[in-house]
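What follows draws every value from the coordinates through simple rules; no lab data is involved. Everything quoted here is computed from the prediction, not taken from an experiment. With ideal geometry, Cβ positions are generated from the backbone for all residues, glycine too; neighbour counts draw on all protein chains shown.
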Amino acid sequence: MKVLLDEMLPIGVRELLPGHEVSTAGYAGLAGLPNGELIRRAVEASFDVIVTLDRGIPQQQNVRRHGIAFELIPDNDVDLIRPYADRLLQAIDAAHAAWPFASSGASEPRVGRQRRRRQRSRSG
């Protein structure tokens, strides 16, 4: 399956998805695009699944019309995703059949939110 990692995900996520053709948005020339344009170009490039952190896509886009599956993951830290890699792989394998939207629960959502809060408080 051809998988696109959105630009907020580190390249290290690729190693968690053996057996799939995985590209980052940057490598595919799709970095910096608004969601609608990113989705349109991903479909044109024959991607099957977009793996993203962006929880706003279902509200911002008419995802059913695009013909591509989306896999939500709640964190961009590879070390937090790694323990759930098998679930992420299973979700991606099943995502196209369940498109337009799936969520692997690759890590507990509150872990991602807590991590972001800590980072903000440290930088401020």
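In this simple spin-label model, placing a label point 7 Å from the Cα along the Cα-to-Cβ direction at both residue 8 and residue 33 gives a separation of 1.8 nm. Protection proxy ranking of 17-27, 39-49, by the mean of other Cβ atoms within 10 Å over each peptide's residues and highest first, is 39-49, 17-27. Extension gain, residue 79 to residue 46: 0.36 nm times the residue separation minus the Cα-Cα distance gives 9.0 nm.
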